[in-house]
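**Q** Structure below; questions to follow.
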Amino acid sequence: MDLNLRHAILSNISDNDQSQLEATIVDAIQSGEEKMLPGLGVLFELIWQQSNEQEKQEMIEALEQGVKSATAGS
């Protein structure tokens, strides 16, 4: 990802509180627009960097289950 895009995304959310961050995530997912994916990726990167090993393992397990559910019957 281009660092300018990452910086722009971080600048856009830098003053957001928890409820605004949650709304950003929910809106991006509900909209289903592919243009929102880079922003979600930047947010995930921040979460990953702030997580300990146990939290990372929990995210990987949740991701694995989500992938299996999303691809079931494909």
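**Q** For the stretch 15-41, what are the residues that are acidic (Asp, Glu) and either within 12 Å of the chain's Cα centre (by Cα) or surrounded by 13 or more Cβ atoms within 10 Å (Cβ to Cβ) (or both)?
**A** Across the stretch 15-41, the qualifying residues are 22, 27.
**Q** In the stretch 1-41, what residues are in contact (Cβ under 8 Å) with a residue 40 or more places away in the chain and in a helix (DSSP H, G or I)?
**A** 41
**Q** Among the residues of the stretch 42-53, are any more than 15 Å from the chain's Cα centre (by Cα), without any contact (Cβ under 8 Å) to a residue 12 or more places away in the chain and assigned to a helix (DSSP H, G or I)?
**A** Yes, the stretch 42-53 contains a residue that is more than 15 Å from the chain's Cα centre (by Cα), without any contact (Cβ under 8 Å) to a residue 12 or more places away in the chain and assigned to a helix (DSSP H, G or I).
Each reported figure results from applying straightforward, stated rules to the coordinates on display, with no laboratory input. For clarity, every value in this text was computed on a predicted model and none was experimentally measured. Note: ideal-geometry Cβ built from the backbone for every residue, glycine included; neighbour counts use all protein chains shown.
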